[in-house]
Amino acid sequence: MAITTGIQAMLRVLADSGVRYLFGNPGTTELPLMDALVDDPRLTYLLGLQEIPVMAIADGYAHASRSPAVVNLHISCGLGNAMGMLYNAYREGTPLVVTAGQQDRRLALEEPILWGDMVSVARPWTKWAVEVQRVEDVPVAIRRGLQAAMTPPTGPVFIAIPLDVQMEQAEMDLRGASPPNLLVRPPLESLRRAAAVLAEARNPGILVGSRICEADAVAELVEVADRLGAPVIHEATTSHGRCSFPAQHPLAAEPLPFWSPEVCRRLSEFDVLLAAGMKLFQQYIYHEPARTLPDTVRLVHLDDNPWEIGKNCAAEVGLVGHPRPALAELAELLDAMMTPGQIEAAQARGRRRAAEHAARREALRRQAAAERELRPLSPLGLMESLARVLPDNVAVVEESPTTTLSYFERSGALRNTSGYFAQRGWALGWGLNCAIGVRLAWPDRPVLAVIGDGSAMYGIQGLWTATRYRIPVTFVITNNGQYRILKDCAQELQLPAARAGCFLGLDLAGPAIDFVALAQSLGVAACRVGDPDSLSDVVRESLAGDAPRLVEVAVKRSS
Ligand SMILES: Cc1ncc(C[n+]2csc(CCOP(=O)(O)OP(=O)(O)O)c2C)c(N)n1
């Protein structure tokens, strides 16, 4: 027990829990924190110039470091600016502890400047939201917040601390959080049923989501896929997230298509599907028929979040538990259960899938290589120029909706699965900043961010933070001068003007945005390139460098 202030208690519990960074943007109600940090050697504060960068840098850091990231926001207006990124974190399950100041409670009845009911604002997109009312409760709230953020389903929490509580003193227990071991295996009886269904499948497939990568269970999934000879299918780019299966593995299949009729058609060849760590299904635009999973499929669904199992699609066997021990156990059970005939059939399926996969990958690479001739570069031509220079240990962050096309993964250029980050929540402004957080967590891995011109403008201030703290990220801005995805969606919705090729509010060309000048004004070295060889050269050099750099590339417009 020690006598200290509320804010010192918060810092002590955070430091004792292993937290090293605070990501923030302050106002008056956060000044006790800023003051206390002046000579605190335990925690480093990273200043972001707006709340979108603050939250998204923290998001990237949390995912790459596999630890909770702690954010400090200004009262109501700061939280307001942060809401899009809070939404992303909630959809992704990012373990964020978002703290904020609150007005002095002695003023509250008068409704002082910037006072507001922040808990009600944050609650829908957090696992837990609270305003601490007694200084003695600060350490408990911080410990609980850290633990709640990391416990499945992982996700953000929100803790507001009024100014008077921050400055008050009390005697408190300041020990850090010590979360329990969460490697909980699903019940053996359910695993046996799952293994039996999978073993007897004539043509099994595997649907995989981000939580397999996040649970560090990719190697275990490979073991299961190999035993079954089953292709492994990621979510469509609309909700892709992390890469949970090695892109170069012979069983890595094309991701799911976008719309329900094609998803259903694609899945109709399978008699059994194992869904692992994936939300079934995250659709976007309604299509008839809306059904995604064919009636004929028997579903085995594994997740650490029971809410996901049977949520939209009835599962014959539901497995609730940590994916790593669950998949390891499943592989062992398959070894014990599969008959020689089943093993032989699985091997034959695997060989057939491998041949199909190799042919598809080769055709994609050929097409991309041919498109290198186009000017301005096409999306494929651009991605192929980047793919040529990706180091083995690169981390890639993508937020460029119509340019990236899952090319790194589909072409096999991505050799290290852990380093792939893509949008899941779709509040834009995330990608450029997520990349900064990833690099902060992984100082030894080069980081490439491929960001659309539209997306970049929602969080461009992050460039200043990258320079200020010398965090070397290579930002490639794919500039097509438009919100192309929205034009594509307007056509998909068959809207009358869009069908005639007319759009309003979806072009960024008048005036054109000068990303080179913008980056330079925020302290980041920048250049513009147009041909593929120069692009490859400048990105290769930048990835090996020790400072942030921005490369603007013109991309062919569709209309
Ligand atoms: C904060 C936020 N505002 C608006 C949108 C809607 N939106 C989705 S994609 C998109 C355009 C993205 O443009 P760009 O990054 O240039 O990629 P492109 O579609 O041209 O490939 C917009 C505005 C959003 N998802 N998030």
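Taking the DSSP beta bridges with both ends in the stretch 188-358, the antiparallel portion is around 0 percent.
How much mean residue ellipticity at 222 nm does the chain get from its helices, if each DSSP H run of length 4 or more adds -39500 (n - 2.57) and you divide by all residues, to the nearest 500 deg cm²/dmol? Could you put the intermediate results ahead of the total?
On the way: 22 runs with 224 residues, N = 559.
Value at 222 nm, helices only, nearest 500: -12000 deg cm²/dmol.
When +1 charges are put on Lys and Arg Cβ atoms and -1 charges on Asp and Glu Cβ atoms, the dipole computed for the chain relative to its Cα centre reaches about 1140 debye.
So, counting K/R as plus one and D/E as minus one, what does the shell of residues with Cβ under 13 Å around residue 345 add up to? So the environment of residue 345 carries a net charge of +3.
Antiparallel versus total DSSP beta bridges in the chain: what percent is that, nearest 5? Provide the component values of the computation, followed by the final result.
Working: 6 of 71 bridges.
Just about 10 percent of them are antiparallel.
Other residues within the sphere of radius under 10 Å centred on the Cβ of residue 240, judged by their own Cβ, net out at -1 (K and R +1, D and E -1). Site pair residue 336 and residue 493 shows an inter-label distance of 5.4 nm when each label is modelled 7 Å from Cα along Cα→Cβ. Whole-Hz Karplus values for the stretch 301-307 come out as 10, 10, 7, 7, 10, x, 4 Hz, taken residue by residue from phi with 6.51 cos²θ - 1.76 cosθ + 1.60 and θ = phi - 60°; glycine and proline positions read x. Tell me whether the chain comes out rounded, prolate or oblate; compute the Cα gyration tensor, take square roots of the eigenvalues as a ≥ b ≥ c, and use a/c under 1.5 as the rounded threshold. Oblate, since a/c reaches 1.5 and b/c is not below a/b.
The longest stretch of the chain left intact once loop-based GluC sites (Glu not before Pro) with at most 12 other Cβ atoms within 10 Å are removed from consideration, loops following DSSP, is 1-268.
Run through the stretch 55-145 and list the trypsin sites (Lys or Arg not before Pro) located in a DSSP loop whose Cβ has at most 14 other Cβ atoms within 10 Å. Of the trypsin sites (Lys or Arg not before Pro), the ones in loops of the stretch 55-145 whose Cβ has at most 14 other Cβ atoms within 10 Å are 66, 105, 106, 134. Ligands, DNA and RNA aside, residue 464 has an accessible area near 70 Å² when probed at 1.4 Å. Beta bridges assigned by DSSP with both partners in the stretch 374-554 are antiparallel in approximately 5 percent of cases.
Rounded if a/c is under 1.5, else prolate if a/b beats b/c, else oblate: with a ≥ b ≥ c from the C-alpha gyration tensor eigenvalues square-rooted, which is the stretch 374-554? Judged from the Cα gyration tensor, the stretch 374-554 comes out prolate (a/c at least 1.5, a/b above b/c).
A cut-off under 14 angstrom between Cβ atoms defines the neighbours of residue 60, and their net charge, with Lys, Arg +1 and Asp, Glu -1, is 0.
Which is farthest toward the positive dipole end of the chain among 340, 82, 378, measuring Cα position about the Cα centre, with Cβ charges +1 (Lys, Arg) and -1 (Asp, Glu)? With unit charges placed on the Cβ atoms, the residue in question is 340.
Annotation for residue 216 and residue 359: the two label points, set 7 Å from Cα along the Cα-Cβ direction, are 4.0 nm apart.
Within the full protein context, the accessible area of residue 182 is estimated at about 50 Å² for a probe radius of 1.4 Å.
The alpha carbon gyration tensor of the stretch 2-172 gives principal lengths a ≥ b ≥ c with a/c below 1.5, which makes the shape rounded.
The candidates 259, 426, arranged from most to least accessible area with a 1.4 Å probe in the full protein assembly, appear as 426, 259.
Computing FRET efficiency as 1/(1 + (r/R0)^6) for residue 49 and residue 547, where r is the C-beta to C-beta distance and R0 is 22 Å, gives about 0.75.
Report, to the nearest whole %, how much of the accessible area of the chain belongs to carbon and sulfur atoms, 1.4 Å probe, protein only. That share works out to 53 percent.
Note that the stretch 2-172 presents 38 Å² accessible area per residue, ligands and nucleic acids not counted, probe 1.4 Å.
The values are calculated or read from the model by the stated rules, or taken from the named source; none is laboratory data. Just so it is clear, the model here is predicted, and its values are computed rather than measured. Heads up, the Cβs are rebuilt from the backbone with ideal geometry, glycines too, and the neighbour counts pull from every protein chain shown. The accessibility values were calculated without ligands, DNA or RNA, using every heavy atom of the protein model including side chains. Shrake-Rupley method; radii C 1.70, N 1.55, O 1.52, S 1.80 Å.
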